[in-house]
Amino acid sequence: MAINLEKGGRFNLTKKEPSLQKAMIGLGWELKPGVSIDLDASVFMLAKNGKLPADEFFVFYNNLNSPDGAIKHTGDNRTGVGEGDDEMILVNLSKVDASIDEVLILVSIHEAIIKNHHFGLLEEAYIRLVNVDTKKEIIRYNLGNNYPHDTEIVFGKLKRNNNEWVFEATGMGSQKGLQEYINAYA
Ligand SMILES: [Ca+2]
Ligand SMILES: [Ca+2]
């Protein structure tokens, strides 16, 4: 059984899943009837100063691999149609560059402002973390209906704590757009 995290909940992966090397972070969403929304998962790999060491450490649908080989985005899903994971990010924890302190996972809505789209139009959305080697689902965080007007959400973070990796279910919504995050972290 996976651990269900609540907003703000933390899970020490290194302590509780010591065998974990390769993780699959899956994002799934379902839409209310008659709605078509394109959600995009992006990853910001941040150094201690809270910035990207280089632009390439921003992994998204146009840059599918991080330079250290630790993060692989499996590609853009435009509709979210179907059950299960709609966008997936593969993380190899042992390859994360030593300068990286935090791996932040943001989910944003493509062309949200133009199309007047927001997370309130989603039936449900979740993030889950699976051990690739054992196929075991370790943690799951269901977003719930707490973001009716938001256009992007910091879903979760992997934080390096000395030599341990801790997953945090951040659940921080905003309405500023993906570009503002890029500006802040670049
Ligand atoms: Ca997408
Ligand atoms: Ca779906």
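The values are calculated or read from the model by the stated rules, or taken from the named source; none is laboratory data. Source: prediction; values computed, not measured. Every residue, glycine as well, gets a Cβ built from its backbone with ideal geometry; the counts of neighbours run over all protein chains shown.
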Inset, instruction - Output yes when any residue across the stretch 66-77 is crowded, with 18+ Cβ neighbours inside 10 Å, in contact with a helix residue (DSSP H, G or I) (Cβ under 8 Å, 6 or more places away or on another chain) and closer than 12 Å to S42 by Cα, and no when none is. - result: yes
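Please find, within the stretch 1-29, the residue that is surrounded by the most Cβ atoms within 10 Å (Cβ to Cβ) out of those that are among the small types (G, A, S) and assigned to a loop (DSSP other than H, G, I, E, B). Walk me through how you get there before you give the answer.
The first filter runs over the stretch 1-29 and keeps only residues among the small types (G, A, S), leaving 2, 8-9, 19, 23, 26, 28.
With assigned to a loop (DSSP other than H, G, I, E, B) added as a condition, the list becomes 2, 8-9, 19.
Details: A2: 13, G8: 10, G9: 16, S19: 8.
That would be G9.
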Inset, instruction - Can you give me the number of residues within the stretch 88-98 that are touching an Asp or Glu at 6+ places or on another chain (Cβ under 7 Å) and either within 16 Å of ligand 2 (Cβ to nearest atom) or in a helix (DSSP H, G or I) (or both)? - result: 1
Inset, instruction - Quick one: D85 ticks every box in (1) surrounded by fewer than 18 Cβ atoms within 10 Å (Cβ to Cβ); (2) within 14 Å of the chain's Cα centre (by Cα); (3) of a type in the set (D, E) except a single one, so which number is it? - result: (1)
Legend entry - Test: residue in the stretch 70-78 that is touching a residue at least 60 places away in the same chain (Cβ under 8 Å) and either within 18 Å of V166 (Cβ to Cβ) or within 16 Å of ligand 2 (Cβ to nearest atom) (or both): no
Legend entry - Count of the stretch 30-62 residues which are within 16 Å of ligand 2 (Cβ to nearest atom) and in a strand (DSSP E or B): 5
Legend entry - D101 being over 16 Å from I37 (Cα atoms), among the charged types (D, E, K, R) and not in a loop (DSSP other than H, G, I, E, B): yes
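Take the conditions buried (at least 20 other Cβ atoms within 10 Å of the Cβ), touching a residue at least 12 places away in the same chain (Cβ under 8 Å) and closer than 16 Å to A23 by Cα and apply them to A112. Does it pass? Outline the logic, then answer.
Values: buried (at least 20 other Cβ atoms within 10 Å of the Cβ): yes; touching a residue at least 12 places away in the same chain (Cβ under 8 Å): yes; closer than 16 Å to A23 by Cα: no.
No.
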Legend entry - Looking only at the stretch 160-186, and only at residues there that are hydroxyl-bearing (S, T, Y) and touching a residue at least 40 places away in the same chain (Cβ under 8 Å), the one that is surrounded by the most Cβ atoms within 10 Å (Cβ to Cβ): T170
Inset, instruction - May I ask you to verify whether K32 is exposed (fewer than 15 other Cβ atoms within 10 Å of the Cβ), at pLDDT 95 or above and away from ligand 1 (no atom under 16 Å from the Cβ)? - result: no
Legend entry - In the stretch 43-68, the residues that are among the hydroxyl-bearing types (S, T, Y) and under 16 Å from N92 (Cα atoms): S66
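Give the stretch 73-108 a look and list any residue that's more than 16 Å from ligand 1 (Cβ to nearest atom) and among the polar types (S, T, N, Q), or say none. If you could, list the steps in order and put the result at the bottom.
Looking only at the stretch 73-108, we keep the residues that are more than 16 Å from ligand 1 (Cβ to nearest atom), and these are 83, 90-104.
Matches in the stretch 73-108: N92, S94, S99.
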